[in-house]
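*Asks:* Got a structure for you, written out below as structure tokens; questions coming shortly.
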Amino acid sequence: MRRLLTLALLLGVLIPCSAQGAMLPPHKRIAVMIFESASGLFRDNLAVDTASTVITQALIENGYPVVNDAQVKKIKADKRSELLRSGDAKAIKALGKTYDVRIFLVGKATLAEAVRNDFGTYTATATVTIQGYSTQDGKYLLSQMASSKQLGGTPDEASQKALEAASRELAQRLISGQGQTIHGSYPTSYRYRDVTVTITGAQDFQQVNAILQKVQSHPATRQAMVTSYSSGNATIGASFGGDVKEILSLIRDTVQPRNVRTGPNSIWVDL
């Protein structure tokens, strides 16, 4: 009876944590670092301020300890912070130690110029991407992306709404642990296997993400996500039911690699 009671207590503790499936480990200080700013007709730093504010607030509301804005500004003023964008492990560990940060969420907000639509209002599209890194060892933890298209009476209103919506969606994915599976049902004829795409020489994470989206769009892809990224080198892991050459064709449709080679379940791409 005592053993059963102990087992029940353990299950009561473990099951909720497992069900939540959050990407971010709890109780570790997080710094949200959004570097890009909007351009053109938009007010200065719209992309930076909106995305970081929405994501930070969502994390706080869900119990995550987040570095305050004043501390984030200090980190951004540090010359080493520029290296965060490329996932430089040395800079990640050093900055974490200096500013007492355990996880860096390094983001980019892309805001296309709003266009006038047929209804006499404006349509704007915003995309927010996030990469997570542990300062303990400088290792890549996760990546997420969200996009939104919104209407507004003015270009600024449409852009603000699009950016807020994309940021809320991305924050929810981080908190809920939502994966990057895009196909809810799969043909029974597919026999899925793990395929690894190793990328070297990427200009930035956006280029890696463009390849990821292409792989995800294939009907034989059950799941695909970036599993590592640092200094222009990345790895994409996919559960794929087609021929590896099909993935290679998708990559060539997206970028023009200098060199590629393939194995039974692997692709190496040098950009």
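Just so it is clear, none of the values below were taken in a lab; they were calculated from the coordinates. Keep in mind it's a predicted model, so treat the numbers as computed, not measured. Quick reminder, even Gly has a Cβ in these numbers, built from the backbone with ideal geometry, and neighbours come from all protein chains shown.
*Asks:* Mind checking the alpha-carbon convex hull of segment 193-270 and giving the volume per residue in Å³?
*Replies:* Cα-based convex hull of segment 193-270, divided per residue, equals 70 Å³.
*Asks:* Expressed in nm to one decimal, what extension gain is obtained for the pair Lys28 and Trp268 from 0.36 nm per residue of sequence separation less their Cα-Cα distance?
*Replies:* Additional length available on full extension: 82.9 nm.
*Asks:* Now, a different point. Using Cα pairs under 8 angstrom and six or more residues apart, how large is the relative contact order of segment 30-176, in percent?
*Replies:* 26
*Asks:* For segment 32-149, build the convex hull from the C-alpha positions and give me its volume per residue in Å³.
*Replies:* 112
*Asks:* Turning to a different aspect of this structure: Can you give me the distance in nm between label points at Ala112 and Asp243, each placed 7 Å from the Cα along the Cα-to-Cβ direction?
*Replies:* 3.4
*Asks:* If packing is taken as the average count of other Cβ atoms within 10 Å, what order do 228-240, 196-208 fall into, highest mean first?
*Replies:* Result, highest mean Cβ count within 10 Å first: 228-240, 196-208.
*Asks:* For segment 193-263, run through the trypsin sites (Lys or Arg not before Pro) and keep only the ones in DSSP coil with at most 13 other Cβ atoms within 10 Å of their Cβ.
*Replies:* Answer by residue number: Arg258.
*Asks:* Show me the chymotrypsin sites (Phe, Trp or Tyr not before Pro) within segment 73-165 that DSSP assigns to loop and that have at most 13 other Cβ atoms within 10 Å of their Cβ.
*Replies:* Phe119
*Asks:* Same structure, new question: Which of the lysines could a cross-linker span from Lys90 if the Cα-Cα distance has to be under 17 Å and same-chain partners fewer than 8 positions apart are dropped?
*Replies:* Partners within reach: Lys76, Lys79, Lys139.
*Asks:* Between Asn259 and Arg102, what FRET efficiency follows from the Cβ-Cβ distance if R0 is 41 Å, with the result rounded to 0.05?
*Replies:* The computed FRET efficiency comes out at 0.60.
*Asks:* Between Glu61 and Ala77, 0.36 nm times their residue separation minus their Cα-Cα distance comes to what?
*Replies:* Once the chain is fully extended between Glu61 and Ala77, it gains 3.1 nm.
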